[in-house]
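A.B. asks: Just passing along the structure, written as structure tokens.
The values are calculated or read from the model by the stated rules, or taken from the named source; none is laboratory data. This is a predicted model, so every value here is computed, not measured. Positions of Cβ are generated from backbone atoms using ideal geometry, with glycine treated the same way; all protein chains shown enter the neighbour counts.
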Amino acid sequence: MKNVRIRADGQVMRPLYAARIKASNESKYPDDYYEITRTIPAEDAWRPAADSACNLLKTQ
């Protein structure tokens, strides 16, 4: 993935993807099962570091 980073508490900050399962007549080749409908940025997908209960973040 592009633009992936690891936060001090070990959380991998990567985007998440929302997908739609295709109808069988929409598939154009083998393993063509889904369509990405939305990309959720890492900052929106994961809890903010300030809200983390991880002790690794509290020592910084």
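A.B. asks: Scan the range 1-15 and report the pairs whose first residue is free of Cβ contacts under 8 Å to residues at least 40 places away in the same chain and in a loop (DSSP other than H, G, I, E, B) and whose second residue is aliphatic (A, V, I, L, M) and surrounded by 15 or more Cβ atoms within 10 Å (Cβ to Cβ), with Cβ atoms within less than 6 Å and a gap of 6+ or a chain change.
C.D. replies: So the pair list comes out as ARG14/ALA42; PRO15/ALA42.
A.B. asks: Could I ask something else about it? Can you find even one residue in the range 18-40 that is surrounded by 12 or more Cβ atoms within 10 Å (Cβ to Cβ) and under 23 Å from LEU56 (Cβ atoms)?
C.D. replies: no
A.B. asks: Here is a further query. Show the residue pairs that are 6+ apart or on different chains and have beta-carbon atoms under 9 Å apart, the first residue being within the range 48-60 and among the basic types (Lys, Arg), the second being modelled with pLDDT of 75 or more and surrounded by 13 or more Cβ atoms within 10 Å (Cβ to Cβ).
C.D. replies: LYS58/SER52
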